[in-house]
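Below is one structure; the comments refer to it alone.
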Amino acid sequence: MPKFAANLSMLFTEEEFLDRFEAAAEAGFRGVEYLFPYAYQPAEIKERLGAHGLTQVLHNLPAGDWGAGERGIACHPNRVSEFREGVEQAIEYATALGCQQVNCLAGIQPQGVSQEQARETLIDNLRFAADKLSRENILLLAEPINTRDIPGFFLNRTEQALSLFDAVGSDNLKLQYDIYHMQIMEGDLAMTMEKHLARIAHIQLADNPGRHEPGTGEINYPFLFAHLDRLGYDGWIGCEYKPKASTREGLGWLDGVR
């Protein structure tokens, strides 16, 4: 049976961020993830995790000015020093929170930067991060994201990501496979996950269209959950969706699958 983690950047937003940990535990989640922890002290988050028996499953590397629309800086040639400083910050938080994997957002390809230059910058940054994180026993992930929601996002398909990983050449770099994003970009979800399961360390979900909870759109989630069980996937599945109503009202899809 899949292990589901509540994404606290999207779920339980009726509560203040630090109160979402309790809400997730009360709803039956044993793990949590979210975009970024950096607005809070590590000790504040660690206390909430411990108080509610939660595992910190995932958070992202720092990704630039999120409020201004930046969605990662790993492919930005003029931001390499900032990216590397962010790796150190992520290690500090992940170590304090017992988080064993962090995700790198590649970012939107900058104007005036060629495809090849963005690719080489991303490869170099992933290689640097994978090496630094491996020394702390933290796994690096990278995630393809659809270009409808984030136009211009550099990393947007499974095979593209795996080709980049091959160029990086690190055993400490795996795929974060988001079902919602990949349904939009390429479909063929079950076969893609089966083909590349050994390189997938984390899965996220939302239905399409709308990015709401499973059961509100076109994706056959009961089939996919059973398929992942048959394949022997034992990682977490992050619930990174926008509830159609309130979070609690939309949790009925979990009945019978955990």
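Assign unit charges at the C-beta atoms only (+1 for Lys and Arg, -1 for Asp and Glu), then state the dipole size of the chain relative to its Cα centre in Debye, rounded to the nearest 20.
340
For the pair Arg84/His227, report the inter-label distance in nm, with labels modelled 7 Å from Cα in the Cβ direction.
4.1
Quick check on my link table: of Lys174/Lys242; Lys3/Lys195; Lys46/Lys174; Lys132/Lys242; Lys46/Lys132, which ones sit more than 29 Å apart, alpha carbon to alpha carbon?
Beyond 29 Å between Cα atoms: Lys132/Lys242.
Please list Ser81, Ser170 in order of solvent-accessible area, largest first, computed with a 1.4 Å probe with all protein chains present.
Ser81, Ser170
State the percent of C-alpha pairs, over all pairs in the chain, separated by a distance greater than 23 angstrom.
Result for the distance tail: 50 percent.
Mind giving me the FRET efficiency for Ser114 and Asp234? R0 is 41 Å, r the Cβ-Cβ distance, nearest 0.05 is fine.
Step by step, r from the Cβ atoms, then E = 0.55.
Quick check for me: using +1 on Lys/Arg Cβ and -1 on Asp/Glu Cβ, what's the dipole size of the stretch 1-137 about its Cα centre, in debye to the nearest 20?
For the stretch 1-137, the charge dipole is close to 460 debye.
For the chain, modelled as a Gaussian network with Cα springs under 10 Å, which listed residue fluctuates most, Ile73, Ile91, Ile150?
Ile150
Tyr233: accessible area at probe 1.4 Å, nearest 10 Å²?
30
If R₀ is 51 angstrom, what is the calculated FRET efficiency for the pair Glu44 and Ala167, using the beta carbon separation as r and rounding to 0.05?
Step by step, r from the Cβ atoms, then E = 0.85.
First compute the accessible area of the stretch 100-258 with a 1.4 Å probe, then give the percent of it belonging to carbon and sulfur atoms.
That fraction is 46 percent.
Alpha carbon centre of the stretch 118-157 versus the stretch 205-248: separation in Å?
23
Going by accessible area, probe 1.4 Å, with all protein chains left in place, what is the ranking of Asp207, Asp131, largest first?
Asp131, Asp207
So, counting K/R as plus one and D/E as minus one, what does the shell of residues with Cβ under 13 Å around Ile184 add up to?
Net of charged neighbours comes to -3.
GNM, the chain, Cα, under 10 Å: largest mean-square fluctuation among Glu213, Glu194, Glu240?
Among Glu213, Glu194, Glu240, the largest mean-square fluctuation in the Gaussian network model of the chain belongs to Glu194.
State, to one decimal in nm, how far the label point of Asp19 lies from the label point of Ala190, with both points 7 Å from Cα in the Cβ direction.
4.3
Hey, in the GNM for the chain with a 10 angstrom Cα cutoff, which one of Ala118, Ala226, Ala39 fluctuates hardest?
Comparing Ala118, Ala226, Ala39 in the GNM, the peak value goes to Ala39.
The values are calculated or read from the model by the stated rules, or taken from the named source; none is laboratory data. None of these values were measured; they are calculated from a predicted model. Note that each Cβ is placed from the backbone with ideal geometry, even for glycine, and that neighbours are counted across all protein chains shown. Just the protein is used for accessible areas: all its heavy atoms, side chains included, with ligands, DNA and RNA removed. Shrake-Rupley method; radii C 1.70, N 1.55, O 1.52, S 1.80 Å.
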